[in-house]
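Novice: Take this structure first; my questions come after.
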Amino acid sequence: MYNIGIDVGGTSIKAGLVEDGIITVKASKDVDKSMGFYGVVRDIEYVVNEILREKGMTIEEVRTIGIGIPGVVNKDGHVSCVNLGLKNDPLEMKLKEIFSNVKIVVENDANVAAFAEYKYGSMRGYDVGVMITLGTGVGGGIIINGKPFSGAHGIGSELGHIILDSNYYDCNCGNNGCFETFCSATAIIKYAQKLIGEGKKSTILQFAQNNIENITAKMVFDAYKENDEVAISVVKRFKEYLIRGIVSIVHFIDPEIISIGGGVSNANEIILDGLEEELNKRVIYNGNGIAKIVIAHFKNDAGILGASAL
Ligand SMILES: [Zn+2]
């Protein structure tokens, strides 16, 4: 029997057949956002059929289809996702109708990525773990006793919206001061643009061919390595709030391990430098040990791997 993992993203749906923790067959399809719920169902059906065809197998040989979705999943398998135009749509039920006799599990994508790290990657062997994904936004995935945890209503791992301070711009969620407005790639870029816009000289601007709009988080970290003053200010601010976010998570859940993933985590040396030491200083009862901080193992395949193991 086989397991299929599906990673539903804002621009494409990726699927994989996973055997012993390895993706052996892949399929993907671009998403047509205007098609809404039925478009998502049709695209999932398409990628599953592609995998069956490629492998030369039938749906009767599939035990589980796991799906990670960039939104909220409630206990009945209804999903809501702003980017895909889904609002409390019965995804799990609809897929059970189409693929009868197959176990269908739908989970939030950040929890799925955390589950992949728990099953096959950086959090393997730790029963209580938290994954923080630093990308365009900040995502959170929580594993408790070896299972993804998202609370009573499916919104319990929205770590990116923990409020850490007041900030100079509002979060997309409508609040001010969310974790992701300080520590996402978007936040890093915005703050570098702000300082440069205020007239501070920086090599970041040269990396961006003198166009402030071209600035990326990578350019900021590259300039930091060259002791650029603006980059130092941006990275200092980013790390201060990353620490605050991690301290809040430790005081709230006290995980054994925290894994940092997402595009920003490519700057792993800069991120990890001094982090555990600072955490030690700020956690109130630190005599019994504190969460280990690591960089996530998977870059692109976490969604498929984690979903297949649900
Ligand atoms: Zn927010």
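Novice: Specify which of the listed residues (223, 296, 307) is at pLDDT 95 or above and farther than 30 Å from residue 146 by Cβ.
Specialist: 223
Novice: Go through 259, 248 for me and flag whichever is under 20 Å from the mean Cα position of the chain (by Cα), in the same structural domain as residue 158 (by TED's automatic domain parsing), hydroxyl-bearing (Ser, Thr, Tyr) and outside any helix (DSSP H, G or I).
Specialist: On inspection, the qualifying residue turns out to be 259.
Novice: Let me ask something else about it. Could you please find all residues in the range 180-192 being within 8 Å of the ligand (Cβ to nearest atom) and either in a loop (DSSP other than H, G, I, E, B) or among the acidic types (Asp, Glu) (or both)?
Specialist: Result: 180, single match.
Novice: Restricting attention to strands (runs of 3 or more DSSP E) lying wholly within the range 16-127, give those where 1 or more residues are surrounded by 23 or more Cβ atoms within 10 Å (Cβ to Cβ).
Specialist: Answer list for the range 16-127: 62-69, 79-81, 103-108.
Novice: Scan 83, 88, 49, 108 and give me the residue that is more than 17 Å from residue 306 (Cβ to Cβ), out of contact with any helix residue (DSSP H, G or I) (no Cβ under 9 Å at 6 or more places or on another chain), not assigned by TED's automatic domain parsing to the domain that holds residue 149 and not charged (D, E, K, R).
Specialist: One residue alone meets the criteria, 88.
Novice: Residue check, residue 299 against (1) within 18 Å of residue 185 (Cβ to Cβ); (2) in contact (Cβ under 8 Å) with a residue 60 or more places away in the chain; (3) not in a helix (DSSP H, G or I), all met but one. Which one?
Specialist: If we test residue 299 against (1) within 18 Å of residue 185 (Cβ to Cβ); (2) in contact (Cβ under 8 Å) with a residue 60 or more places away in the chain; (3) not in a helix (DSSP H, G or I), just (2) comes out false.
Novice: Moving to a separate point now. With the checklist (1) within 14 Å of the ligand (Cβ to nearest atom); (2) surrounded by fewer than 21 Cβ atoms within 10 Å (Cβ to Cβ) in hand, flag the one item residue 157 doesn't pass.
Specialist: For residue 157, the failing item is (2).
The values are calculated or read from the model by the stated rules, or taken from the named source; none is laboratory data. Because the structure is a prediction, the values reported are computed rather than measured. Positions of Cβ are generated from backbone atoms using ideal geometry, with glycine treated the same way; all protein chains shown enter the neighbour counts.
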